[in-house]
Structures are given as C-alpha cells and as structure tokens.
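The values are calculated or read from the model by the stated rules, or taken from the named source; none is laboratory data. These numbers were taken from a predicted model, which means no experiment stands behind them. Here the Cβ positions follow ideal geometry from the backbone for every residue, glycine too, while neighbour counts run over all protein chains shown. With ligands, DNA and RNA removed, areas are computed over all heavy atoms of the protein, side chains included. Shrake-Rupley method; radii C 1.70, N 1.55, O 1.52, S 1.80 Å.
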Amino acid sequence: MNRSTDNQGQAPAADPSRPLSYEQLFTAPLQKLMPYKIRQVLLVASLYDYFILEEDGRLSDLLGLAYKQRDLGYVPVLHRVSGSQAALEALGETRYDLVVSIMRMGDMDPFTFGRKVKEAQPDVPVVLLAFNTPELQRLMELNDRQSVDQIFVWQGDGKILLGIIQYIEDLKNARADTENVGVHNLLLIEDSPRFYSVYLPTLFEELWDQTNELLQEELTFEQRVLRQKARPKVHLANTYEQAEAVFDAFRDNLLGVISDVQFPRGGRVDPEAGLNFVRMVQRQSPHLPVLLQSSEPELAETAQRLGAGFLLKTSPTLTADFRKFLHDRFGFGELIIRDDTGRPVARVNRLSALMGVLETVPDAVLLRLVRQGELRRWLVARTEFRLAERFDLAVAAGGDDPGAMRQHLQQEWDDHHRRIQRGGIVRFSRSMYDSYCRFMRLGPGSLGGKARGLAFSDKLLSEHLAEDAYPGVQIAIPKTLVIGTDVFDAFMARNELWDFATRETSDRLIVSRFLNADLPPTIVGDLRDLVRHVKVPLAVRSSSLLEDALYQPFAGIYATKMLPNNHTETDARFKDLANAIKLVYASTFSRKAKAYIESTNHRIDEEKMAVIIQEVVGRLYRDRFYPDFSGVGCSYNYYPAGYARPEDGVVSLALGLGKTVVDGGAVLRYCPAYPRVIPQFGTIKDMLNHSQKDFYAINMKEYYSRAYDDEDQYLVHLPLQAAEQDGAIKYLASTFVAREDRVYDGTNVAGPRIITFAHILKSEVMPLSRILIRLLRLTADAMGCPIEMEFAGTLDPARGLPARFGLLQVRPMVVSDELVAVDLGGLDPAAAVGFSTRVLGNGIFREIADVVYVKTENFTAADTPRIAMEVDRLNQELREAKRPYILAGPGRWGSSDPWLGIPVHWGQINGAKVIVEVSLPQLNVDPSQGSHFFQNITSLRIGYFTVPMNPEDGRIDWDWLNALPAEQETEHLRHVRAVPPLEVHIDGRIGHGVIFKTARPAE
C-alpha cells in the first residue's frame, strides 16, 4: 500500500489548451452572415412622387417596423433628393448603399443618370422604379443592364421598396452566405417587371412570416441569429442565360425554381425557354420543386407532364395560389408527408415533433420522403442546414432498410441537438424538460453576473471541450433555469417594496415582508409546472447585476437555498421554491449586502436580482443527498508551496456540499499541478488534526418545516461516520493504523478515517486534477484574468467511473499589479508593528491610526462567537466615525466554524482597511483561499496579513500594542490609537508586507 504521507513531488504533465479567439467562441460563420447591408438609400424623386411613396410616413414606418422586428441590428434610412443633379452632388459627398430613381426625373434620362452614378460610385446598385405605363416597355428595351441594375414597377404599395432593398441585399450576400453556413436559394425567372414586382415582395413577406413563426420555437441564441439572418436568398433572372448561371452556381443549395414559360434566350424571346429550362433542371436535380407560370391556361397540362406546378398569371387568385405553392412544395409551411398516390398521411408543423412522426409513418412513405428530398428541403427552409447534412448521412447509412434508417436518423437527431443546445441559452418552455439544453431563462431582463458567468462557462465547454475529452467523466454545468431581473423589478413594484427595503435595517423584518409578498403571475404557472415535472434537489441562488462582475465578486453576500424538492405534494414543493426565490430577493437588501455595496462605491438602488434555479449535483444516500466531492479551484495561488508557482493555482476539496469550502471549514488544499503534495499534511498528526471531520448534506426526510427564512432550513451537518455508513468515502478516505503509526490509502483496514482524496489525487480513479488544470487555464484565458471556480462531482460507487463533474460557478479573482517594494531583509524590527511573508493586496495604506485586536493571553476558541459580537459593535462605531482601522486576531476571520477562527460576516468588519490573521499554538490553521469571505476581501483591495507560527515568516509586536492606551476595551478586544498614524506597505508581487509604526519617507 502507498503511504499518503509520501509527499514526493512530480512535475505537472503538459495539458495545453487552444488559444481562444472571439470568432472561435461565438461561432464565426454567424458573424459573417449578411456582410452587405443596405443602410443608406438615396431616393431620387420629385416631391410629388415621394409623397405617393411615403403616404404620410408609412414608408419609413414600414422599413423601421420590418427591420426592427427582424432584429437585424440596423434599419435602412431614406435620403430624398429632387432631380439627377442634386443626386449626383449627394453622391459626391456621401457613400450610399443603394440608389433608387423614379422614372420622372425631368432633367436627365434614367440610363444616363445610372451611368453617371456608376462613375461616381462604381459598386453602388442603381434601381429604376417605373410606373405601369406604355413607356415601361420602351424602358425595358433600352436597358443594357450596365447603367441600371434592375427595373421595378410601382403598383401602389410601398412594400415594393422593401422588396427592392431585400433583393439587392440577397444579390450581394447569396454567394458568401451559402459558402459560410449553407444558406439555400430560390430562383425566380421572370422578364416582366410587372409580375416580378408582385412576386418578389410576396416572396420576401412569405419568407419573413415563416421566420417569425420559426422564432417561436425554443431556440438558442445562435439558432435565433441563424434563423433571422439565414433565410433563403431570392435570385431574379430575366433571361435563360442568367437563370442558367444562378442554377450552376447554387445547384446544391436550391430550394426550388419559379419560372415563366416565355422569356429571352440568346438575345431573343423564346416561347419555350421555361419548358426547356425545367427539362434541364430535372435532368440534373430530378426532385427539385419547379413552378411554371404563364398567361396561357393550356400550358397547365404540359407543366403537369413535366412534374411541375402551374400558375395562371391572369388568375384573380394569383397571389394566394403563389403562396399556397410555396407552402406545399418549397417547405415553407407544414411538412406534408404523402403516400405514392399523393394522399397526406401525416403533417409536421414544428421541428420538435419531427422524430415522433417519422417513427410512425409507413416504411414506404419514409423512403419516399427522404429519397425525393422533401425532408431535406423542409429542414433547410428552416435554416437547419447541419441537421439536413446529418440526415443525409443517416439516410446513406440506412440504405434500403427503413428500420436501420430510423435508427440512424434518431441517433443523428440526438447528437445534433445535444451539440447545438450545449452551450446555448433558450427561453423556458413547458415542453423543455427532456431538452438537451442545460441553460434556460424565464422572464425578461438581465441574467445577472453569476448566471452570465455560468452561461459563459457552458458556452466555453461546448466550444473547447469535447464530450469525450476525459472518457468516463461527464463535464457540464447542471441544468439551470434563470429568472431575469425584470421579474425582480415586477415583484418589487407589485408589492410596493422598494422604499421599505432600502430604508429598513432589520434583516428579519425584510425577510418576513418579502416572504408574505406575491410573485408576479407571469412566472407562477411556469414555476408550478417546473416542480410538477422536476423532482430532484434544487439549489436556488442569487445572480445580481453586480455579483461576480470583474473586481466586484459579491461572493457569498446574497442568499443560496438548497431544496430537497421531494415532497409528495406539488403545492408543497412549489411553496418551497417560491419562498426560496423570495428569500434570495430579500437578501438583496440585507444588512450585509448593503454594507458590501457601500464598500464598492455603488448604491443599493443600482442593484437588480436574477435568480438561478439549478439541479444539485449529488447522489441520494438513504435520507440525505450530497456530492461525493465539492470544491473551489483558483487559477492563481496566493500561497504557493514547494515546486508550485502562483500561476499553477490551488484547489480546496471537501466531502459533501460546498458549504464546507465556501464558509471556510476544514478542507483539503493542494496544487492541481502537484496532486501528490499536500502541504497541510506534513505529518500524521497534521492529518489527524486538520482533516475534514464533518460535512453538509440536504435532508431528504419528508418533514414539516416553516423555517422559510432560514437558508439552511433543509441542510444537515453530519459527522464523517455518516458518510462512511453511506459508502461514500471509499475513494476519498485514508485510514490511520495506530499500532503501526501509519496511514494507508483507502478504507480496507480498521482505524480512524482521514479525508485525503488519495485514490483521486494519487491513483486517479477519476482524473480530477487534470480536469481542473485544463478548466482553470481555459476559463482564465477566456476571461482575461485569474478566476475562481466552484464545482461538485460524483463517482460510481463500485468502480469510480463513470463520474460526473459539475461546474457550478465561475467568477474573477483580483491579483495585484501595482509596484510597491518591500525589503524584509533590511527591516528594523523596532520600526514595525508587524510583518509577514504571506500577505495579500498591494500598495501603501497611509494614515491608519486605529487598531482593534483580540487579546491573545487568555484566548480560547470557545469564545469566538462572543468575540464576533464585540467586533461588530466596534466596527459600527469606527465606520460611523469614518475611521479605517487594522483588525487583528487569531485563526481565520470569517470562518463559519468557530473552532477555526472568528465567525464574523462581512457587515461586521466592513470598516477594516487591513486584516491580520495570527497563528497561535492553540489555533494554527491555513488561510481559506476558497471561501467567499476570502474572495471578497481580496476583491475590495483590503490588506490581508497572515502571521504564521514561524517568527522568520511573520511577527506582531504585541508588547508595543499592549503599551498603547486603550480607547476602548471589552472582555476580549482592545481598541488602541497610534500617534502618529501607522503606515502599511504591501508588495503584491512577492506577498510581503509591513505595518510601520510611523510614516516612511517617500522613495
């Protein structure tokens, strides 16, 4: 057996992560969609013509409404000038994306004007908007397409201008968008301006109607952007040669062809050009839908023989017939699944219903559906390009066996949705419980800082960590629902809480008032449905606007509540959830939160609260639920030991819920680059004294409790023996054998158990350290600063794997960068109140006269709760007097365990500018780098001294402090005032600091 006291270091294995770029992270193809945007339109029109187009503002409203509804990020702006000379002058001064001229310019014919425009700005498209008069035919004959790109006809509807703008954008963007993401295309062949001026606006309107309908589905951000920007592009061809060029360029990405029968070919009108084009298309793409349209009704039979649809141009229902064909044959509407006779056997109106229908249709119908391309066409019309490609592979793999084909289709469906929803944020829907998406939002407003960090981490994992990167280990965020900050605003306004909450100083009264308030009805139904379907333990966490923002983490300031969520009555589970949400809302205005916000130079009315509802990572052990391990990993280690560097990071690990870690309890600390080196376990005595003795779990017993105001209402604090009875420490514990004075890894021998995580850190039953190295590096690189990561995980009880690693939270750390030199080698001990080689912070703190310290001569850990109360009173007095002070005492400040230090919370010491933790023989513990308290101290740039037992590494001149007259003295504290004031120097680069008795001369 290996002895866990064997601390021989080993060099960390290289685990490179790819450098991150914005394009890599946020899906580069989406950023490249629609590179050409028409923002500035020059409209050359007389005042009268413009009045006809504008109709008292309707045209501008139409453009604004259309583009804003489509959320494309811009709205085309019209600039009108009268006459060609004024237009050319405007072109000389401003860059335009499109020029539209009305036929009646008066001072210049439209083609001469077009040539001059091209001379001024060669790349700008020029469109002529003509009236449906006898002169139109002459204009068509004169157009050489060199000076005017296209002629359209005004027929009384301002939508024609919207259609023109979209047509030109499609013309410019089609090739790039097709190459980047596989956007599909529609080909319209028509030489009559009167007809294509009707068809094009109808096509675009139909495409956007479909897009709006598709946006109602549950989508990730990327899917929404894709559907908004990647609708099919529309091409207009006036001749056979133009149509042939479009077909050749986009053959593999065409949804269909709409063609006139008679149009120019080879420079003259060919009465059968359309029929010949259809024959050519069907030879090369036999299943591509084609619609023929003509003024001659007898051609309907010819179209039918060719397998094409037919529209009669003279029909009074032309537009309605056109829309119907788009729906039925081009994939714009429902997927209508037909048998060989053309009889509909099934319909699919939403993508989410597709696989259920494909499972039930007859085998012959399925084969027909996929082989004739109808399924593929319906998918790409919905911008599901990748899914269409995956289905092509499934169809090929299935061959002629419908059963095998269904199996492959289902597998590709599952894999595709797992990939696209991993790392995405979708709106909550009551149909989403079996979704692959791990992050959903409910209600409008911001996600808040903590949820943003979590969503970013989920995105990062999806982009840069393959699902099988660590075989046997699932790495993901837990399933998460975030209630947006606007719901908090609605809750506060609905219950008239703003004035009360900002003024009230009693936490008890605030919580009571909030618990008796009503949640907004807009979310109540969804929350009730959530608990009806989700019956696993839930964590309800805060996610405020300011929380976890860079340099202002707000760690542990707001409430978190764990819920067993296992009551047999849905109403009881809903009440628990609702009260937990209201408790989080109330914590926004707690005394602790108000004090912290004041320390950050923010106001309480700037804060808004989102709420995270998150599945708890863990396992059910009889009547309790907890993870096998939880922890906090920091990418920067303030106190590296041995071979470790600060950049190697540090990890704090504990059995059970993470409350042990974040509250500063007894945990195991190590550097993930050197997992066999545990500095706190230098001797067996250290292992026995400083290892974890108890843990937290969620109480799963069904019992009646009304302690809704208690964050820990459903938590139980249990001894280590309870976890051993559960069989949870098999891979976590080592055993001390007293007769041999040895520690053995594992629990196969009798003796006291010590939580060492030996089988994880040394035997690697799960590659936890390698996972943490990679995730810490990956996330720190992406955030551009050192980070702190909370996590939890479970192991297979029998073999260790499969295991689960849940990433719970990521927030930034603060690392010093200011240059301050501290030379302890030349320090005169008589000049200093104290010094340390283990100091956090950076800079010079001047004019600090007040010192509050714990009297050490008769100190006992049993007194720490009373000491915390005394510190609270002095802190309030000094804060009100605006006198920053130095606070010194034994053990960990802010520990939730009174046997490890003084159990204060932030609001009880928020006036301190420098904090000193002193090791005493009876209380010698390591600083808790993973705790929320520790994180907030460093983020607020508070000086943080750790004075160890070794006098070479630090010392406090207690005799000098005791000789100063007391300003105040309590049973356990002394408050003294130094004259002249003290001066504190901290060198953050090396972690050295000195508290000088007098100000030092400037260097």
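Things worth noting here:
- Modelled spin labels at Glu971 and Thr319, positioned 7 Å past Cα toward Cβ, are 8.7 nm from each other.
- The residues of the chain expose on average 41 square angstrom of accessible surface per residue, using a 1.4 Å probe on protein heavy atoms.
- Note on the stretch 36-180: Kirkwood radius taken over Cα pairs, Stokes-Einstein applied at 37 °C and 0.692 mPa s, translational D equal to 210 µm² s⁻¹.
- Per-pair calculated FRET efficiency, R0 = 25 Å: Gln372 and Asp401 via Cβ, rounded to 0.05: 0.85
- Linear extension gain, Arg706 paired with Glu89, 0.36 nm per residue minus alpha-carbon span: 214.4 nm
- Phi to ³J(HN,Hα) by Karplus 6.51 cos²θ - 1.76 cosθ + 1.60 over the stretch 578-594, Hz, x for Gly, Pro: 4, 5, 5, 4, 5, 5, 5, 4, 5, 5, 4, 10, 5, 4, 4, 5, 4
- Here is the size of the stretch 559-623 from its Cα atoms: Rg then Dmax, 15.6, 48 Å.
- Surface composition of the stretch 829-996: carbon and sulfur make up 52 percent of the accessible area, probe 1.4 Å.
- Scanning residues 5 or more positions from Val183 or on other chains, those with amide H under 5 Å from its amide H are Thr178, with H placed 1.01 Å from N in the peptide plane.
- Take every Cα pair under 8 Å whose residues are at least 6 apart in sequence, average their separation, divide by the length of the chain, and the relative contact order is 9 percent.
- The stretch 336-421 - convex hull of the alpha-carbon atoms, volume per residue in Å³: 84 Å³
- Each helix, a run of at least 4 DSSP H residues, gives -39500 (n - 2.57); summed and divided by the residues of the chain, these come to -10500 deg cm²/dmol at 222 nm.
- Applying both filters, DSSP loop and at most 14 other Cβ atoms within 10 Å, to the GluC sites (Glu not before Pro) of the stretch 670-762 gives Glu702, Glu740.
- Around the amide H of Arg338, modelled in the peptide plane, lie the amide H atoms of Val345, all under 5 Å away and 5 or more residues distant in sequence or on another chain.
- Here the calculated FRET efficiency for Arg283 and Asp252, from their Cβ-Cβ distance with R0 = 22 Å, stands at 0.90, rounded to the nearest 0.05.
- Mean separation of Cα contacts under 8 Å (6+ apart) over length of the stretch 336-421, as relative contact order %: 21 percent
- Restricting the stretch 575-620 to trypsin sites (Lys or Arg not before Pro) in coil, as DSSP defines it, with at most 13 other Cβ within 10 Å: Arg603
- Three-way shape call for the stretch 439-812 based on the alpha-carbon gyration tensor, with the a/c threshold at 1.5: prolate
- With Cα atoms as the point set, the stretch 182-333 shows a radius of gyration and Dmax of 15.7, 51 Å.
- Per-residue ³J(HN,Hα) for the stretch 871-888, Karplus 6.51 cos²θ - 1.76 cosθ + 1.60, θ = phi - 60°, Hz, x for Gly and Pro: 4, 4, 5, 5, 4, 5, 5, 6, 5, 4, 7, 6, 10, x, 9, 9, 10, 10
- Relative contact order of the stretch 439-812, pairs being alpha-carbon contacts under 8 Å that are 6 or more residues apart, as %: 19 percent
- Local electrostatic count, Ile510, Cβ distance below 11 Å [Lys/Arg +1, Asp/Glu -1]: +3
- Among the listed pairs Lys582/Lys693; Lys582/Lys659; Lys561/Lys608; Lys479/Lys582; Lys582/Lys882; Lys561/Lys594, a Cα-Cα separation exceeding 23 Å is found for Lys582/Lys693; Lys582/Lys882.
- Other-chain or far-sequence residues with amide H under 5 Å of Ala849's (modelled H): Leu982
- Asp823 versus Ala881: modelled label distance in nm, points set 7 Å from Cα along the beta carbon direction: 3.7 nm
- Rounded to 0.05, the FRET efficiency of the Gln155 and Ala493 pair, given R0 = 45 Å and the Cβ-Cβ distance, is 0.35.
- Stretch in the chain that is longest and holds no chymotrypsin sites (Phe, Trp or Tyr not before Pro) that DSSP places in a loop and that have at most 13 other beta carbons within 10 Å: 75-432
- Phi angles of the stretch 366-381 translate, via the Karplus equation with coefficients 6.51, -1.76, 1.60 and θ = phi - 60°, into HN-Hα couplings of 4, 4, 5, 4, 7, 6, 8, x, 5, 5, 4, 4, 5, 5, 5, 4 Hz per residue; Gly and Pro are given as x.
- Computed from the C-alpha gyration tensor, the three semi-axes of the ellipsoid equivalent to the chain are 68, 34, 25 Å, from longest to shortest.
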